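Just below is one structure, and these are the notes that go with it.
The values are calculated or read from the model by the stated rules, or taken from the named source; none is laboratory data. From a predicted model like this one, the values you see are computed outputs, not experimental measurements. Positions of Cβ are generated from backbone atoms using ideal geometry, with glycine treated the same way; all protein chains shown enter the neighbour counts. With ligands, DNA and RNA removed, areas are computed over all heavy atoms of the protein, side chains included. Shrake-Rupley method; radii C 1.70, N 1.55, O 1.52, S 1.80 Å.
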Amino acid sequence: MSTQLTEAPLGTEEPGGDDRREADAPWIVIVWNDPINLQSYVTFVFQKLFGYSRARATKLMLQVHNDGKAVVSSGTKEKSEHDVARLHAYGLWATMTQDA
């Protein structure tokens, strides 16, 4: 009886190249304009929660006011969920989405 040996293929394909890229993409937290909170309060919240300078917090607040929204943080899904929850606790309208 003769035994025939076969070789394993040399190259393998990476599964789900696009899926992996999506999983690695950072999440962003967006604060939306609302008719309730004062501009000074929104600036204060950005400084308190994210440690932003007054100038950066003011710039983001003006973006929310003028453009209707601003990206205020990014990172992992868990970090973004935490940031959204903290913003909600301060009464701001915030959502998160995976960055493209």
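Tabulated data
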quantity	calculated
Helices (runs of 4 or more DSSP H) lying entirely in the range 21-100 (those with 2 or more residues that are open to solvent by 80 Å² or more (accessible area, probe 1.4 Å) and of a type in the set (Asp, Glu))	77-89
Pairs with Cβ under 6 Å, 6+ apart, first in the range 68-84 and among the β-branched types (Val, Ile, Thr), second surrounded by 15 or more Cβ atoms within 10 Å (Cβ to Cβ)	VAL71/ILE28; VAL71/ILE30; VAL72/VAL29; VAL72/VAL31; VAL72/LEU60; VAL84/VAL29; VAL84/ALA94; VAL84/MET96
